[in-house]
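Student: Below is the structure I would like to discuss, written out as structure tokens.
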Amino acid sequence: MIAVIALGLLAMLACLALQVLASVFAARYFAKASRQPLGPKPLRGIFLQFSILMLLLMIGNIIQVAFWASLYRLLGAFADFETAMYFSGVTFTSLGYGDVLLQGRMRLLGPLQAANGLMMFGITTALFISAIQQVIAKWIAAQSART
């Protein structure tokens, strides 16, 4: 039991490293994009910036789901990667449908992955909200400068 929990905690640390990497890429992109003027059609530019930011952050989360799926396959928990990926995605997002389950001691990995997913989506959400706040402030400043 302790070995499974230790393995789960190591997987969580690996996911944190992946989340940091994705967050740095996303933050670098947004820092560069936010230096550009909003232009004559600011909503289009804002939508594009948010779309790219969202995709970068979601790719980071999908890679983490795939990491957990690979771990499950390595441990022999699932017969194929597609099932492992499905279970991992459902667990990481805390949907928990219950149609695919871990067996035996490996069941302890499920709650650890769910907790990991909640934390990583929390980081993703925080970065996205920060970007929204920055764009709103920039938009308000641009509107004030026009009047």
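Student: Restricted to the stretch 46-84, and to residues that are under 30 Å from Q36 (Cα atoms) and among the polar types (S, T, N, Q), which residue is surrounded by the fewest Cβ atoms within 10 Å (Cβ to Cβ)? Walk me through it before giving the result.
Tutor: Narrowing the stretch 46-84 to residues under 30 Å from Q36 (Cα atoms): 46-63.
Right, trim to among the polar types (S, T, N, Q) and you get 49, 51, 61.
Values: Q49: 19, S51: 10, N61: 21.
Per the stated criteria, the residue is S51.
To keep it simple, each residue is scored yes or no on (1) under 18 Å from L7 (Cα atoms); (2) surrounded by 14 or more Cβ atoms within 10 Å (Cβ to Cβ).
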residue: F92; (1), (2): yes, yes
residue: G104; (1), (2): yes, no
residue: N116; (1), (2): yes, yes
residue: A126; (1), (2): no, no
residue: Q133; (1), (2): no, no
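Student: Quick check, is A11 small (G, A, S) and at pLDDT below 95? Give the derivation first.
Tutor: Numbers: small (G, A, S): yes; at pLDDT below 95: no.
So A11 does not fit the description; no.
Student: Sticking with this one: Report yes if some residue within the stretch 107-127 is more than 22 Å from the chain's Cα centre (by Cα), at pLDDT below 90, at negative phi and part of a helix (DSSP H, G or I); otherwise report no.
Tutor: no
Student: Hey, another quick one. Output the number of residues of the stretch 31-85 satisfying the condition of being more than 23 Å from the chain's Cα centre (by Cα), touching a residue at least 24 places away in the same chain (Cβ under 8 Å) and in a helix (DSSP H, G or I).
Tutor: Going through the stretch 31-85 one residue at a time, the tally reaches 1.
The values are calculated or read from the model by the stated rules, or taken from the named source; none is laboratory data. On a predicted model such as this, the values are computed, not experimentally measured, just so you know. Positions of Cβ are backbone-derived with ideal geometry, glycine not excepted, and every protein chain shown enters the neighbour counts.
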